[in-house]
Amino acid sequence: MSGRFPILYIAEADPEEAILSSGVLAHLVEMIPHADFTVVGSAASAPLFADLPRLRRLIVLDKDGRWDWISLWNQVRDTNWGLVVDQRGSNLSGKLRRQRRAVRPASVPGVHWVEEAARAMQLDEIPAPHLFFSPETMAIADSFIPPAALDGPILAIGPGVDWIGKRWPAERYSKLAGVLLAPSGPLAGGRLMIVGEEADRDAAHTIRFAVSRDRVIELQGKLTRLQTAAALRHATLYVGGDSVWTQLAVAANVPTVGVFGPSDDTKRRPWNGIAVRGPRTLDEYRELDPRLNQHIQHMMDLPAERVLKKTLKYLAEMAE
């Protein structure tokens, strides 16, 4: 590593949180061109950084037990690090040889996750979430998108979430898509792109009927998350729930509308977009579901009309 500046970046285990903080890592890539990077993440978050420029090593720390941290220590202790950035807020960075360290502080209510990540680095400007894509990743993603689709607008929708309480009904996504892509809509003549896991296929089946079959690009279950983000970079607009798919759209710099219910939009709203809530606050959801883990469809009180109204206003403001 002679002449280089080694940086150790410990990303969050949760992929959504890792994406939200990713702007800090992208900032370091841009500002320190002679830096090499070793990135630590979980099995879910580490692959998101596989295409990071000047990546020297990608380490998976999938569990958070004492022996797992000892194993990580043994892998990184011999390097005299130029900088250690610890987004997990662990004690490891204090025990390593390094010139400087930045440790994520305890979360503060009402402060967005992106802002908190920037505060750990004491940055004056807050970098937006950003993921990097290699030519190979982009080529794989682009192979699933008809070339003709790139000539017009693309509405991307990610219906999948990790808990039924955050799931917005698929038929409401379909209604929204039908209006936006209609001949008189703001995305007239465009394509409908659906992203997610294989498990989201039933929802996708409902949503795709918003337009004719030849205008649908179904990607659920076909791409990795990083490849999905690469595909999303072609989208004109993205709509989805409080999920990793929404944060992938944000990290691909796509204008984003997030549909929120039993989620803290002050911390996880789309950084480059808007969050649309129903009539209840997060505290009101917690009165019914204190741990926010019950098998309840909380999002039924958010009508498609409200999301459509906010989305149309958002598109109009971007066009000004």
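The values are calculated or read from the model by the stated rules, or taken from the named source; none is laboratory data. Since this is a predicted model, take the numbers as computed values, not measurements. We place every Cβ from the backbone using ideal geometry, glycine too, and count neighbours over all the protein chains shown. The protein model used for the area step is the full one, side chains on, heavy atoms only, and it has no ligands, DNA or RNA in it. Shrake-Rupley method; radii C 1.70, N 1.55, O 1.52, S 1.80 Å.
If I ask for residues that are exposed (fewer than 15 other Cβ atoms within 10 Å of the Cβ) and either of a type in the set (Asp, Glu) or at pLDDT 95 or above (or both), which ones from segment 183-196 would you list? Explain how you work it out, then say what you get.
Filtering segment 183-196 down to residues exposed (fewer than 15 other Cβ atoms within 10 Å of the Cβ) leaves 183-184, 188-189.
Selection gives Pro183, Ser184, Ala188.
Report, by residue number, each residue of segment 271-311 that is of a type in the set (Ser, Thr, Tyr) and open to solvent by less than 60 Å² (accessible area, probe 1.4 Å).
Listed by number, the residues that qualify are Tyr285, Thr311.
Would you pick out the residues in segment 160-173 that are open to solvent by 10 Å² or more (accessible area, probe 1.4 Å) and either in a loop (DSSP other than H, G, I, E, B) or among the aliphatic types (A, V, I, L, M) (or both)?
First, the residues of segment 160-173 that are open to solvent by 10 Å² or more (accessible area, probe 1.4 Å): 161-164, 166-167, 169-172.
Result: Val161, Asp162, Trp163, Ile164, Arg167, Pro169, Ala170.
Just to check your reading of the model, which residue among Val84, Val24 is buried (at least 17 other Cβ atoms within 10 Å of the Cβ) and within 22 Å of the chain's Cα centre (by Cα)? Write out each step before concluding.
Values: Val84 fails: within 22 Å of the chain's Cα centre (by Cα).
Just a single option satisfies the conditions, and that option is Val24.
Out of Gln220, Gln247, which single residue is part of a loop (DSSP other than H, G, I, E, B), modelled with pLDDT of 95 or more and open to solvent by less than 10 Å² (accessible area, probe 1.4 Å)? Please lay out each step first, then the result.
On the way: Gln247 fails: part of a loop (DSSP other than H, G, I, E, B).
Among Gln220, Gln247, only Gln220 is part of a loop (DSSP other than H, G, I, E, B), modelled with pLDDT of 95 or more and open to solvent by less than 10 Å² (accessible area, probe 1.4 Å).
Residue-wise test of (1) open to solvent by less than 70 Å² (accessible area, probe 1.4 Å); (2) touching a helix residue (DSSP H, G or I) at 6+ places or on another chain (Cβ under 7 Å); (3) farther than 27 Å from Gly160 by Cα.
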| site | (1), (2), (3) |
| --- | --- |
| Ile7 | yes, yes, yes |
| Glu17 | yes, yes, no |
| His34 | no, no, yes |
| Val39 | yes, yes, yes |
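Of the numbered conditions (1) modelled with pLDDT under 95; (2) crowded, with 18+ Cβ neighbours inside 10 Å; (3) in contact with a Leu (Cβ under 7 Å, 6 or more places away or on another chain), Gln99 satisfies every one except a single condition; which is it?
(2)
Conditions: (1) more than 20 Å from the chain's Cα centre (by Cα); (2) among the aliphatic types (A, V, I, L, M); (3) outside any helix (DSSP H, G or I). Leu176 meets all but one. Number of the miss?
The failed condition is (3).
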